[in-house]
Amino acid sequence: MMKKILFLIVLLMSILPVCAVNWEMIDTDIPNLSLYVDTDSLMYINNDECYYAIRFKEGDKPEKFAYLKSNSATNYVGVIQTGEYGLDQYKPQVVFRNAHVFMKPIKENSFLSYAHEFTTTRQETDSLAQEASSLRESNVKPVSYTLANNLKEYTNITSSALYDNWNPPASVRNTQAVIVLTIGVDGSLQNYKFTKSSGDEATDRSIISAVEKTVPFVRFPRSASSTEPQNFQFVFDYKWFTKSVH
């Protein structure tokens, strides 16, 4: 019976998840100091705070580790726990789960400032990347072939799309503007220019916004013989509180 219990214990220990570790060296101007941040230990609590682990060695002293918490908004750092480094003792996820730490301003001459700057900068970079990715995803529009049989019908379909995306200013007076769009065969916007301004800056901006919201345009009809970008003229009219694009 005892042998079976020991076998089960060994088996359970063999299937326990191994803590992922990815030590990234941090450049400092401090002589005889080696400093690393475990990027796999980085745990963002919110937009300003994160937990992470560092490993450091000063001269001939034993290599140590520390579990830290940084706040990028206040430039505060807290040391949760330190000790001599050893993989058998290194368990950041366990420590971070119930971490309690006193935060205080970071000293400029402390080597912790390098780890703090690295992690908070990385957090800002990751956040910007995520925002950019979300923005790209929110602006993705399917580009398909139009059902138009010729470029005249294609122009009508594009006019309708521009009309749907045009929101002229509420205070605008009766105006008319003419814009020429250079559109690629794949529906991409190659260029644009006003051949006639509305005379109202806010109205012109609203027209440009409508163009940008409509991009990418649908592809040219399959029957279109040219594979070169084409110029299309559109007239934006606003009269008696009624808009039209043709």
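Structure values in brief
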| quantity | calculated |
| --- | --- |
| Solvent-accessible surface ranking, highest first, for 106, 179 at 1.4 angstrom | 106, 179 |
| Heavy-atom surface of the stretch 22-110, accessible at 1.4 Å and reported per residue (Å²) | 61 Å² |
| Area accessible to solvent at residue 196, 1.4 Å probe radius, in Å² | 90 Å² |
| Inter-label distance for residue 182 and residue 152, nm, one decimal - labels placed 7 Å from Cα along Cα-to-Cβ | 2.7 nm |
| Under Karplus coefficients 6.51, -1.76 and 1.60, residue-wise ³J(HN,Hα) of the stretch 110-117 in Hz, glycine/proline x | 8, 5, 5, 5, 5, 5, 4, 5 |
| For the stretch 184-234, diffusion coefficient by Stokes-Einstein and Kirkwood Rh (Cα), 25 °C, 0.890 mPa s, µm²/s | 198 µm²/s |
| Heavy-atom accessible area order for 103, 43, 25, largest first, 1.4 Å probe | 25, 43, 103 |
| Listed residues 166, 240, 23 arranged by accessible area, highest first, probe 1.4 Å | 240, 23, 166 |
| Cβ-derived FRET efficiency at R0 30 Å, residue 227 paired with residue 170, nearest 0.05 | 0.10 |
| Separation between Cα centres of the stretch 35-95 and the stretch 190-246, rounded to whole Å | 55 Å |
| Exceeding the 18 Å Cα-Cα cut-off - candidates 152/243; 57/104; 193/213; 64/91; 69/107 | 152/243; 57/104 |
| Efficiency of FRET from Cβ geometry, residue 213 and residue 74, R₀ 30 Å, rounded to 0.05 | 0.15 |
| Area of residue 122 that stays accessible when all protein chains are in place (1.4 Å probe, Å², to 10) | 80 Å² |
| Accessible area (Å², 1.4 Å probe, nearest 10) - residue 236 | 0 Å² |
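The values are calculated or read from the model by the stated rules, or taken from the named source; none is laboratory data. Only a predicted model underlies this, so the values are computations on that prediction, with no experimental measurement involved. Note that each Cβ is placed from the backbone with ideal geometry, even for glycine, and that neighbours are counted across all protein chains shown. Side chains included, ligands, DNA and RNA excluded: accessible areas come from the protein's heavy atoms. Shrake-Rupley method; radii C 1.70, N 1.55, O 1.52, S 1.80 Å.
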